[in-house]
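To start, the structure under review is shown below, and the notes come after it.
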Amino acid sequence: MAVNAGILGATGYAGNELVRLLSGHPDVELTYLSSESYKGSEVAAVYPALSGIIDMSYRPLDISAVADACDVVFIAMPNGEAMKMTPSLLSAGVKVVDLGADFRFKDYRLYEEWYGITHLSPDLCAEAVYGLTEINRDRIAGASLVANPGCYPTSVLLPVTALTRLGLIDPAGMVIDAKSGVSGSGRALSLASHYCETNDSITAYKVGSHRHTPEIETGILETTGCDCTVTFTPHLTPMTRGILSTVYAETEAKSDEEILSALAEFYKESRFVRLRPAGNYPSTKSVYGSNYCDIGLKVDRRTGRMVIVSVIDNLVKGAAGQAVQNMNLMLGLPEERGLAASPLYP
């Protein structure tokens, strides 16, 4: 029997990526696609790439109708919206995956500090499971509310959590230099994502103040027990998709091969984490359009630091793909169901 799924905010980039992935999921039937901007419009009229694949129209947001039509709902709306509707959905027995930040922090006051939004459902923050799939599988399985991680934190936490747990790095004082494609800015028009502003240019932004900084720090604390402060600097790069995070962390390890062997054992049950051999480093092109996270690393013996290179597609592993992974676990389905597509290349 198919699972009835709804996507709220289905015309944003992450929402549409969910439509694309779930339209090919063998256990899912899309039953509700909401969009306030395009309500009444056919999906194929807004996204011609889905012509002949999705025969649906976008509907206005009606939580009662959503609850009646869906077993699971993905909320791909601006921060501050999920907290308004999630209590009603959970009360109706609907499982929720929030792609925004509303439930990523156990301490709702941290959310209010960094996002400037008063939290309307603080009690649910303690109930929500942080959906870093490969790390929190056991807690995600059977959960009713999952907070999908941000794209930058996903790219950082997958290697850092494992290496910290293995005792191979010290995350205290870690430096993160991360670069993202323009789709990470969303579909709404803005000067910052205008072609003439981004083409042939790389720009650092929100230096020392990006909202994913506390998510990375709390993610490390909750997954490893290490309370640390990191330096995180994001950059906008002239490409559509992809994140490349270069992480610099203190280490006493000496051999790249030994570290990679330990990581391979740590992630041996994780299909979507791929390790590069020593001396080989991933590019965003190697994961384009896929749910993979590729990781390469190097021990710099001169400085006593490990250099970690991690890449993901920000719209798939960094958003919609990980959300589908989490849904699969929540519903008792195979984790990789609907996500087996290989990366696009070139």
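Read-outs throughout are calculated quantities, based only on the coordinates presented, and are distinct from any laboratory measurement. Since the structure is predicted, the reported quantities are computational estimates derived from the model, not experimental observations. Reconstructed Cβ throughout: ideal geometry from the backbone, glycine too, with neighbour counts over all protein chains shown.
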* Rank Gly338, Pro277, Ala65 by how far each Cα sits towards the positive end of the charge dipole of the chain (+1 on Lys, Arg Cβ; -1 on Asp, Glu Cβ) and give me just the farthest. => Pro277
* **Percent of C-alpha pairs per 10 Å bin, region 3-127, short to long** => 13, 44, 31, 11, 1
* Structure fact -> Between Thr240 and residues 5 or more places away or on another chain, the pairs with built amide H atoms under 5 Å apart involve Val182
* Asked: Ranked highest first by average number of other Cβ atoms within 10 Å, how do 93-101, 319-327 line up?
  -> 319-327, 93-101
* the chain - share of DSSP beta bridges that are antiparallel (%, nearest 5) -> 45 percent
* Indicate, rounded to the nearest 5 percent, the antiparallel portion of the DSSP beta bridges found entirely in region 152-314. => 75 percent
* Structure fact -> To the nearest 10 degrees, the tilt of helix 212-224 (Cα long axis) against the first principal axis of the alpha carbons of the chain is 70 degrees
* Asked: ³J(HN,Hα) across region 299-311 via Karplus (A = 6.51, B = -1.76, C = 1.60, θ = phi - 60°), whole Hz, x for Gly/Pro?
  -> 8, 8, 5, 5, 9, x, 10, 9, 9, 10, 10, 10, 10
* Among Cys70, Cys196, Cys293, which comes first, second and so on when ranked by fewest other beta-carbon atoms within 10 Å? -> Cys196, Cys70, Cys293
* **Partner aspartates and glutamates for Lys298 [C-alpha distance under 20 Å; skip if fewer than 8 residues away on the same chain]** => Asp170, Asp177, Glu250, Glu252, Asp256, Glu257, Glu258, Glu265
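What does the highest-first list of 40-50, 150-160 look like by mean Cβ count within 10 Å? Write out the running numbers ahead of the final one.
On the way: 40-50: 14.7, 150-160: 27.4.
Highest mean packing first, the order is 150-160, 40-50.
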* 5 angstrom amide H check on Leu145, placed H, neighbours 5+ away -> Val96, Val129
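Quick one: divide the alpha-carbon radius of gyration of region 283-346 by 2.2 N^0.38 Å and tell me what you get.
For region 283-346, the normalised Cα radius of gyration comes out at 1.39.
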* Asked: Residue by residue, what Karplus-based ³J(HN,Hα) values in Hz, rounded to whole numbers, does region 129-134 have, using 6.51, -1.76 and 1.60 with θ = phi - 60° and x for Gly and Pro?
  -> 9, 6, x, 7, 3, 5
* Over region 4-61, volume per residue of the alpha carbon convex hull, in Å³ -> 66 Å³
* So what are the three principal axis dimensions of the chain from its Cα atoms, in whole Å, longest to shortest? -> 61, 43, 39
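Find, among the GluC sites (Glu not before Pro) in region 262-346, those assigned to loop by DSSP (not H, G, I, E, B) with at most 12 other beta-carbon atoms within 10 angstrom.
Glu269
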* Structure fact -> Under 5 Å from the placed amide H of Glu29, counting only residues 5+ away or on other chains, we find Val3, Asn4, Ala5
* Asked: Of all GluC sites (Glu not before Pro) in region 195-263, which ones are in loop regions per DSSP and have a Cβ with at most 12 other Cβ atoms within 10 Å?
  -> Glu252
* Asked: What is the local net charge at Pro171, summed over the other residues whose Cβ is closer than 13 Å to its Cβ (Lys, Arg +1; Asp, Glu -1)?
  -> -3
* Which whole-angstrom value gives the distance between the alpha carbon centres of region 54-70 and region 131-151? -> 24 Å
